[in-house]
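**Student:** The structure that follows is given in the form of structure tokens.
The values are calculated or read from the model by the stated rules, or taken from the named source; none is laboratory data. Since the structure is predicted, the reported quantities are computational estimates derived from the model, not experimental observations. Note that each Cβ is placed from the backbone with ideal geometry, even for glycine, and that neighbours are counted across all protein chains shown.
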Amino acid sequence: MHIKIFITVCLAFLHFVTPPSLAAQNIVGQLEGKPIEQLEWDQLMPADYTLDGLFDDQQLDGLDDLDPRAAQLMDQLQQALQSAPIVPEMDGKTIRIPGFVVPLEGEDQKVFTFFLVPYFGACIHVPPPPSNQIIYARYEPGVKLESLYDAVWLTGTLRTETFSHELASAGYRLEVFRIEPYDE
């Protein structure tokens with residue numbers, strides 16, 4: 001029964017995060033002569049992206065955690081999330097985006113590589129968000145994080161490159177120039 005509820009919640013989340021058909025540019029400054037566009041997470045999903053129809057209600061009816069069909073449906077969901085389509089037009093843009101850090105590589109208390117995700121706890125629980133809602137970020141000087149509960153703003157150059165890690169797959173890569181506390 002837990003798997004049925006979990007899959008339903010995941011599909012509901014994706015249903016409500018509906019990308020705008022034409023997202024207005026929100027320029028918030030310049031970096032090295034290039035405009036910095038402040039993004040919302042839904043702008044990283046193609047306008048027609050949806051997981052609606054991946055499962056029908058009959059497939060979920062009567063499932064419990066021990067049902068082999070539940071594991072099969074979970075595998076299908078994982079595959080769909082890991083291969084979510086990206087927005088090719090985002091490649092090369094200088095952006096600013098808020099999110100939460102999921103550390104991947106660091107030394108002492110400094111983090112050099114991490115995932116940026118739209119909500120706290122993403123990538124810790126299974127399944128992670130769709131790959132088009134995960135950004136692999138690299139910040140060469142490293143950043144000391146006070147708390148993983150605190151959101152941050154990242155500014156940098158976005159690339160439409162996939163990155164896979166045991167925690168999740170990212171559909172984007174960000175070469176970070178600036179990290180700031182989220183203050184809004």
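**Student:** Of all residues in region 1-50 being part of a helix (DSSP H, G or I) and of a type in the set (A, V, I, L, M), which is modelled with the highest pLDDT?
**Tutor:** Leu44
**Student:** Taking region 81-117 as the region of interest, how many residues are within 12 Å of Leu44 (Cβ to Cβ) and touching a Pro at 6+ places or on another chain (Cβ under 7 Å)?
**Tutor:** 5
**Student:** Being part of a helix (DSSP H, G or I) and surrounded by 15 or more Cβ atoms within 10 Å (Cβ to Cβ) is the filter here; which residues of region 61-74 pass it?
**Tutor:** Ala70, Leu73, Met74
**Student:** Let me ask another. Need the failing condition index for Ala170 against (1) surrounded by fewer than 18 Cβ atoms within 10 Å (Cβ to Cβ); (2) closer than 14 Å to Val102 by Cα; (3) modelled with pLDDT of 95 or more, just the number.
**Tutor:** (1)
**Student:** Which ranges mark the strands (runs of 3 or more DSSP E) fully within region 75-162 that have 3 or more residues being in contact with a strand residue (DSSP E or B) (Cβ under 8 Å, 6 or more places away or on another chain) and either of a type in the set (D, E, K, R) or surrounded by fewer than 16 Cβ atoms within 10 Å (Cβ to Cβ) (or both)?
**Tutor:** It comes to 94-107, 135-144.
**Student:** Would you be able to say whether some residue in region 51-63 is of a type outside the set (S, T, N, Q), at pLDDT 85 or above, over 24 Å from Gly156 (Cα atoms) and within 23 Å of the chain's Cα centre (by Cα)?
**Tutor:** Pass one, region 51-63, residues of a type outside the set (S, T, N, Q): 51-57, 60-63.
Okay, now just the ones that are also at pLDDT 85 or above, so none.
Within region 51-63, not a single residue is of a type outside the set (S, T, N, Q), at pLDDT 85 or above, over 24 Å from Gly156 (Cα atoms) and within 23 Å of the chain's Cα centre (by Cα).
**Student:** When region 143-184 is examined, which residues are found to be over 21 Å from Thr94 (Cβ atoms) and not charged (D, E, K, R)?
**Tutor:** First, pick out the residues of region 143-184 that are over 21 Å from Thr94 (Cβ atoms): 144-150, 164-169.
Selection gives Leu145, Ser147, Leu148, Tyr149, Ser164, His165, Leu167, Ala168, Ser169.
**Student:** Would it be correct to say that Ala47 is loosely packed, with under 15 Cβ neighbours inside 10 Å and under 23 Å from Phe163 (Cα atoms)?
**Tutor:** So Ala47 fits the description; yes.
**Student:** If you don't mind, another one. Can you tell me which residue among Leu145, Leu158, Leu104, Leu174 is over 11 Å from the mean Cα position of the chain (by Cα), farther than 19 Å from Leu39 by Cβ and touching a residue at least 60 places away in the same chain (Cβ under 8 Å)?
**Tutor:** After ruling out the rest, the residue left standing is Leu104.
**Student:** Is it the case that Pro85 is modelled with pLDDT of 85 or more and more than 27 Å from Gly142 (Cβ to Cβ)? Quick ask: steps written out before the conclusion?
**Tutor:** On the way: modelled with pLDDT of 85 or more: yes; more than 27 Å from Gly142 (Cβ to Cβ): yes.
Spelling it out, Pro85 is indeed modelled with pLDDT of 85 or more and more than 27 Å from Gly142 (Cβ to Cβ).
**Student:** Are there any pairs with C-beta distances below 7 angstrom linking a residue in region 28-53 that is farther than 19 Å from Val117 by Cα to a residue that is surrounded by 13 or more Cβ atoms within 10 Å (Cβ to Cβ) and of a type in the set (D, E, K, R), with the two at least 6 apart or on different chains, and if so which?
**Tutor:** Filtered contacts from region 28-53: Val28/Arg96; Ile36/Arg96.
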